[in-house]
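Before any comments, here is the structure.
All of the numbers you see were taken from the coordinates with simple rules; none came from a lab. Predicted model only: the values in this text are computed from it and were never measured. Every residue, glycine among them, receives a Cβ derived from its backbone with ideal geometry; neighbour counts consider all protein chains shown.
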């Protein structure tokens, strides 16, 4: 639904700005989908009369106009391209200097003719999308007037979504009532005053409802002496801003009242309605099911074939309207209309929905009736429209309202327990507040009484609730008939929660702060990863044997917690290394004949100089990679297998690009070891265990002919470093990458790392990656040298790389390598 | 002529069905659909027919041609598929072992620990951890343990030269959390604990516990029952019952011992439950007001419950492990049995 802020403000004072109104609507349950601000027009945009209009020579569509802006000055010459431009009409002229959105009006020459301004369409003023022609204002519009006043500008248009449970919000009055209740603002909704009818025998109607189930109420009002004309500008403006096109005063009034009240209306041309027989005294209106295959020509120009499921409003002969959906062409209001039957009725929602769906015709009327309009509102709505027809179309009201309402809706009352409110919304609401909110919505507090689930229709049925009787105290409220959605206690509680604001609902359990979720996640990831690549998790006591630490070359006295009462001497220290027990575990399993072992333990260490007990992980690997498969003969696990294990983990933890270099450890090989540093702290290290150390732990590596690899991970540091990392999506490259291979011989002592950085450094932007895919040492290559094969991946994010640029880039790489590393291309 | 066509089509279909190799198909296609085929011959003889019959017969020939073409195509596909299967089948033995990434395994205590964590996380608990090297205040004083309580002895508790001690239960984390955070509190704290017990089938100087603590307005023993019941069912299955019975702990009042119906005999009585039908799970109770006062929480406003479970004991029960010492041997023949246990 599209609503204009200025129109809404007629019913409820809106002193807040658009954002605050958006906020208020949203929190009252009306979802705002779009906001369109229509700015005030500059003072150079004024009303003007076209004194003369002549087709411009040499042009099919341009008209040369002389335009009067009523200030006594000479008429202005304006060239206009609109088809409806004609002498005598009052329109809107933007004078030179006026700024309309992005357009600045200037004096200009068109086809050699001077033009001093622009005659405007509605779209050019920003008030609608209509651009079929220039605006036609009523003849009596004063000239030279600012258009802001006429069109009530500035204004803001809100496109809102009304939830299906709130048919009462399908009109301005309903939205205003809700806002006034939520914000405690006054509400200016006037009850239309009765309009006395003139008795007339010459005009009458025979009204009958054949299907009262499908049409619980049908009212018809006869009006004569209609002066069909354009609507006044304020009415047109109101419709335009709410997304409707003005047609004529009668139709516009029915639409206006529908937008205002939410209750759709329809007008028939009285003189086109037929009686049931040729000699009937009056024409008929019969609410009946359509006959099978009954033809119906609708206002939209389409012919529909109806069936017994459709409800129609028929005259004595034909269907005049598809009930609640669309009117018929045959009985429609036309320029010749003098007398009108004004329909205000209520239809069963399901019937309207079915007809609308089956015939694929959805209208503002069907949209509202589908969502249930109360029969109780029919008479009031009719009265409001009648008032406007008298006022704006000179109508004369004939007789009384025809009102077929066989089973009037009984007023209903709902009981509300105070205790139930806090149970549902989580906080207490004062009784006075409850009554105020519900009162603002139009609910009438009846009295206190015993609670019961069933609705009551009469206050006398409400039972007293005294201390002696077993009952719960409740407040009884009578529901305004428009609120067809308020049938149960919870429905009232929802209204209260909504009006008081969902933001007031207290948070029962404040958001979690105790748990270190990140640490928990990293811990699990590390463990899952290692088990996934084949490690067995071990569990050892939290103690170190001082003698074993000494075997590793660690001073047991330094930085350790000593137990006063250890169970034995080899459990005298709190652990500062996981390695000794893992070596024990390894020996234990080797002794049982296992040759291929991957063991790890993830546990806290207790260094005396730290006030945390840092989580560490140590792993031992020995034997074959994926040992003993019949198809793939195994091989001994090597340094690069181990390195890959750590690389994979760092990738998983999103910590790549870490600095790597060897780090001396008294138990590891001096050469075959590598440590990863993040922020200059070692977070991981791998290395080959010295056979002499293994030997001291009872593991004879030379006899086994196996290497024993150690992985040490500072999980505590990894956790801290990866905390608060944020991953952001990088848009995918739109241009293809290319690759170029490069093979060369280089001295052994020059590391791949060094070469990689040199190559990347040639152009960090274009060289997106450098991969090594071969290394060769041997007969073909002189002693002390090795042959390396690289693949450069080149990519430009802006455009496809040309061969020239690629060649230039590769040349630079070769030059750099030749200078820095003395490479020889192969 | 029509009879001739039908006979030809029948014969051709039969021949096509007899094709065995791609070459056969090639030949058949030439023979039946090629330039010199009988079908083409029939086309040439269309002229012999009266003009008005020609279109209809021409259509017949085309239909026949279409049929033969699709027969050839489907037979060709059959031959190819058969050849593809036959080729692969020559020396194929699907029973040979796959080349898997040999997965390791979690330690059974880790498995149970994470399962417990999962159950409680699902119930809206948070996980809190604390130091294992503790002071007397958090391990004893704050938990309302009398100064002369025997658990403070060297024979029960490990002490460090620094004057600190190794925590004897994870209840220390309760205290640390309540010192730092306002209720509502809903935590579990899993972790290592230490008691000076000699290793035997049911004791270990190093073991793991998980402690649960809930503090909020209106928490009663009923919430304890609830949590315990949910936990027991999630860990041991929907048929398991739980109960609490009176006991004594210095830091809870009322205190209780928690039991679950025997997971081995479903309560009928067996060796595992020593014929009682019930298995002891751990201690529980409502947080003693003295503990609340120690950490500055008003016991008039807040109440809470706490309970502690031994993780090894649950692992042993669940996996039928007879001796706790097995858990610390780290024999991969034991560990490998838990490859299929998910965390």
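Using C-alpha pairs under 8 Å with a sequence gap of at least 6, the mean separation divided by the residue count of the stretch A:242-284 gives a relative contact order of 22 percent.
Cα centroids of the stretch A:184-246 and the stretch A:44-61: 39 Å apart. With a Förster radius of 51 Å applied to the beta-carbon distance between residue A:459 and residue A:16, the computed FRET efficiency rounds to 0.85.
For the pair residue A:57 and residue A:200, label points projected 7 Å from Cα toward Cβ lie 5.7 nm apart.
Of interest is the spacing of the C-alpha centroids, which for the stretch A:417-480 and the stretch B:271-328 amounts to 48 Å.
To the nearest ten degrees, helix B:54-89 and the longest principal axis of the Cα atoms of chain B are 40 degrees apart. Here the sum of -39500 (n - 2.57) over DSSP H runs of 4 or more residues, divided by the residues of the protein assembly as shown, equals -9000 deg cm²/dmol at 222 nm, to the nearest 500. Going 7 Å from the Cα of residue A:567 in the Cα-to-Cβ direction, what parts of the stretch B:174-199 have a backbone nitrogen less than 14 Å from that spot? Residues passing the 14 Å test: B:193-199. First check a/c for the stretch A:686-815, with a ≥ b ≥ c the square roots of the eigenvalues of its C-alpha gyration tensor; if it is under 1.5, answer rounded, and if not, answer prolate when a/b is larger than b/c or oblate otherwise. It is oblate, given that a/c is not under 1.5 and a/b is not larger than b/c.
Please give the contour-minus-distance gain from residue A:811 to residue A:279: 0.36 nm per residue of separation, less the Cα-Cα distance, rounded to one decimal in nm. Each step should come with its number before you reach the end.
Values: separation 532, 0.36 × 532 = 191.52 nm, distance 10.49 nm.
Contour length minus the Cα-Cα distance gives 181.0 nm.
Based only on other Cβ atoms within 10 Å, what is the fewest-to-most ordering of A:728, B:172? Don't skip to the answer; put the middle values down first.
Numbers: A:728 4, B:172 25.
Final ranking by Cβ density, sparse to dense: A:728, B:172.
Taking Cα atoms only, the orientation of helix B:22-33 departs from the longest principal axis of chain B by about 40 degrees.
Send over the Kirkwood Rh of chain A, from the inverse of the averaged 1/r over different Cα pairs, rounded to one decimal Å.
Numbers: mean 1/r = 0.0275 Å⁻¹.
In chain A this quantity evaluates to 36.3 Å.
Which order results if B:78, A:764, A:102 are arranged by neighbouring Cβ count within 10 Å, fewest first?
Values: B:78 13, A:764 8, A:102 5.
Going from least to most buried by this count: A:102, A:764, B:78.
Label sites at residue A:74 and residue B:87, each approximated as a point 7 angstrom past Cα along Cα to Cβ, lie 9.5 nm apart.
Report relative contact order for the stretch A:573-696 in percent, whole number only (criteria: Cα-Cα under 8 Å, sequence separation at least 6). Numbers along the way, then the final one.
Details: 152 pairs, mean separation 19.0, N = 124.
The value is 15 percent.
The angle separating the long axis of helix A:18-27 from the principal Cα axis of greatest extent in chain A is about 80 degrees. I want to make sure I understand the PRE zone here: with the label point 7 angstrom from the Cα of residue A:802 toward its beta carbon, which residues in the stretch A:735-766 have backbone N atoms less than 19 Å away? Those under the cut-off are A:735-739, A:766.
Its Cα gyration tensor gives the stretch A:107-214 an equivalent ellipsoid, and the semi-axes of that ellipsoid, as √(5λ) in whole Å with the largest first, are 43, 26, 18. Taking 8 Å as the Cα distance limit and 6 or more residues as the minimum spacing, I'd like the relative contact order of chain B as a percentage. The value is 16 percent.
For the stretch B:1-66 and the stretch A:764-817, write down the distance between their C-alpha centroids in whole Å. About 64 Å separates the Cα centre of the stretch B:1-66 from the one of the stretch A:764-817.
How big is the shadow of the Cα convex hull of the stretch A:512-638, averaged over all directions, in nm²? Display every interim value, and only then the final one.
Working: hull surface 43.6 nm².
Value for the stretch A:512-638: 10.9 nm².
Neighbouring Cβ atoms within 10 Å as the yardstick, rank A:626, A:245 fewest first.
Working: A:626 15, A:245 12.
With the fewest neighbours first, A:626, A:245 line up as A:245, A:626.
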